[in-house]
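First the structure, in the form of structure tokens, and then the observations on it.
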Amino acid sequence: MEPGGCLRGVIRVPGDKSISHRAIMLGSLADGTTQVSGFLEGQDALATLAAFRRMGVDIEGPADGRVVIHGVGLHGLRAPDGPLDMGNSGTSMRLLCGLLAAQPFATTLIGDASLVARPMRRVTEPLARMGARIVTTGQGTAPLSIEPVPALRGIDYPMPIASAQVKSSLLLAGLFATGRTCVTEPAPSRDHTERMLAAFGYPVERAQGRVCVHGGGRLTGCTLAIPGDISSAAFFLVGASIAAGSDLLLEQVGMNPTRIGVIEILRAMGADIAILDPRDCGGEPVADLRVRSAPLRGIRIPEPLVPLAIDELPAVFIAAASAEGETLLTGAEELRVKESDRIQVMADGLAALGVPVEPRPDGLSIQGGAWAQSGLEGARAPVSIDSHHDHRVAMSFAIAALRAPAPIEIRDCANVATSFPDFAALSARVGLRIRVV
Ligand code: S3P
């Protein structure tokens, strides 16, 4: 990454990762055919797709974001011929864990070095209360061995953390359970599962932070248009905000209220983000976003926004490093158990770039303003940053090059392909000085 530059033009980021996973899962369990457009052809969503193919679901594509799923019905999955590899994808593993706990065959879920280090008891424990039999390692991690049981029973589960993966895992198990499965959230988390179940004609009760499904219904195949992923758009929202002279239009970005924390945070920091032509896209709100550079100031990030911006916080840290004054994040201990320990890994990278940063158990403080734009381009030796195989860390530091006072070399970037395979080409097209080695 060469320092400096700005972002200008019009781009469309790839489809939403969370929604792409759910489209494959619910489409596979539906009666009839589901037509999907805007599917994210990234490794994570493709791991979910491959798993369902191996359980006997006929899936055409993906071709240019189009997927056709020939659903087998709620009880039509077949035993796979071996362990299902979820790669780097926590969403695949946790959601499938709930769904597979209810199948009449055994399965084993495996993943890469990052995924097998991530906590799985958050799903296996409540699923066990429903009657599931799932064996983890002694540390509560994958591989997960899921054994068939005669039946699951619905439970009423107060979730200790605001996690859409836990909520969705239980709701998917609840489709097969006897009686009613209810999940109460301590704070709102993304609600794509609830919305998509409704799109497939499955009744979902929702009231005041509580969501319930009754087992034994059916899903009916439908047409889904997946909006652009706001988590991918976030890198450009930050990049265009921090790089003087930027003016970028991001088309068709998902604007689900449970996902737009990043816009609220950046606006509170002074970002100039206009929401244009808000509209509906198959049960999910979307809009075009125009972002122009603006002077940013540090803020104390409100804790209720943390679950609504959880995946975008690494990018927000880059905005904070470019802002005047201190930014303080608290209540975000979940960042420590993402694809990497995003508090430590981001703090280490920022420190390497000369940003005063102090990690805390549940967040960090960042002193902005150390980066000056002018006169430093090419003046310093490259700073090498280890992304710890974390896609969002790698893309955050790529965007940082727009303001950082030195070239940045980011190592271990292959996992960018899990969520945003054409990040380098797309970002170069709008002005990022990026070179993939
Ligand atoms: C996701 C939920 C979030 C998020 C992840 C995707 C989902 O995880 O970080 O990238 O699709 O449900 P948690 O449920 O662990 O917060």
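Observations, loosely collected:
- If you go through region 171-197 and keep only what is of a type outside the set (Lys, Arg), under 23 Å from Pro304 (Cα atoms) and more than 14 Å from the chain's Cα centre (by Cα), you end up with Cys182, Val183, Thr184, Glu185, Pro186, Ala187, Pro188, Glu194.
- Here Lys17 fulfils each of the conditions (1) of a type in the set (Lys, Arg); (2) within 17 Å of Gln165 (Cβ to Cβ); (3) away from the ligand (no atom under 15 Å from the Cβ) apart from (3).
- Filter result for Arg279 (of a type outside the set (Phe, Trp, Tyr) and either in the same structural domain as Leu127 (by TED's automatic domain parsing) or touching a residue at least 40 places away in the same chain (Cβ under 8 Å) (or both)): no
- Residues in region 138-157 include at least one that is outside any loop (DSSP other than H, G, I, E, B) and closer than 21 Å to Gln208 by Cα.
- Filter result for Thr136 (open to solvent by 40 Å² or more (accessible area, probe 1.4 Å) and of a type in the set (Ser, Thr, Tyr)): no
Here is a yes/no grid of residues against (1) open to solvent by 50 Å² or more (accessible area, probe 1.4 Å); (2) not hydrophobic (A, V, I, L, M, F, W, C):
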residue: Glu339; (1), (2): no, yes
residue: Arg342; (1), (2): no, yes
residue: Arg360; (1), (2): yes, yes
residue: Trp371; (1), (2): no, no
residue: Met395; (1), (2): no, no
residue: Ala401; (1), (2): no, no
residue: Ala414; (1), (2): yes, no
residue: Pro421; (1), (2): yes, yes
residue: Ile434; (1), (2): no, no
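- Screening Gly61 on (1) assigned to a strand (DSSP E or B); (2) under 16 Å from the mean Cα position of the chain (by Cα); (3) of a type in the set (Gly, Ala, Ser) shows it passes everything except condition (2).
- Top-ranked residue in region 142-167 [being more than 16 Å from the ligand (Cβ to nearest atom) and without any contact (Cβ under 8 Å) to a residue 40 or more places away in the chain; ranked as surrounded by the fewest Cβ atoms within 10 Å (Cβ to Cβ)]: Pro150
- Failed item, numbered, when Ser114 is tested on (1) open to solvent by 10 Å² or more (accessible area, probe 1.4 Å); (2) in contact with a strand residue (DSSP E or B) (Cβ under 7 Å, 6 or more places away or on another chain); (3) more than 30 Å from Thr223 (Cβ to Cβ): (2)
- Matching residues in region 168-193 - criterion: being hydroxyl-bearing (Ser, Thr, Tyr), over 12 Å from Leu127 (Cα atoms) and within 11 Å of the ligand (Cβ to nearest atom): Ser189, Thr193
- For region 42-87, a residue qualifies if it is open to solvent by 10 Å² or more (accessible area, probe 1.4 Å), touching a Ser or Thr at 6+ places or on another chain (Cβ under 6 Å) and more than 22 Å from Gly32 (Cα to Cα), and the qualifying residues are Gln43, Ala47, Pro83.
- Scanning region 300-324 for residues that are away from the ligand (no atom under 15 Å from the Cβ) and open to solvent by 30 Å² or more (accessible area, probe 1.4 Å) yields Arg300, Pro302, Glu324.
- Considering residues of region 325-336 that are within 12 Å of the ligand (Cβ to nearest atom) and open to solvent by less than 20 Å² (accessible area, probe 1.4 Å) only, the residue farthest from Ser387 (Cα to Cα): Ala332
- In region 229-266, the residues that are in a loop (DSSP other than H, G, I, E, B), open to solvent by 10 Å² or more (accessible area, probe 1.4 Å) and either within 20 Å of Ala417 (Cα to Cα) or aliphatic (A, V, I, L, M) (or both): Ala244, Met255, Ile260
- Scanning region 344-356 for residues that are open to solvent by 30 Å² or more (accessible area, probe 1.4 Å), in contact (Cβ under 8 Å) with a residue 24 or more places away in the chain and not in a helix (DSSP H, G or I) yields a count of 1.
- Scope region 213-228; condition open to solvent by 20 Å² or more (accessible area, probe 1.4 Å) and assigned to a strand (DSSP E or B); matching residues: His214, Thr220, Thr223, Ala225
- Condition check for Ala404: within 22 Å of Val437 (Cα to Cα) and either of a type in the set (Val, Ile, Thr) or at pLDDT below 95 (or both): yes
- In the condition set (1) open to solvent by 30 Å² or more (accessible area, probe 1.4 Å); (2) part of a helix (DSSP H, G or I); (3) within 16 Å of the ligand (Cβ to nearest atom), Pro119 is compliant with all but (2).
The values are calculated or read from the model by the stated rules, or taken from the named source; none is laboratory data. From a predicted model like this one, the values you see are computed outputs, not experimental measurements. Glycine gets a Cβ as well: all are built from the backbone with ideal geometry, and neighbour counts include every protein chain shown. The accessibility values were calculated without ligands, DNA or RNA, using every heavy atom of the protein model including side chains. Shrake-Rupley method; radii C 1.70, N 1.55, O 1.52, S 1.80 Å.
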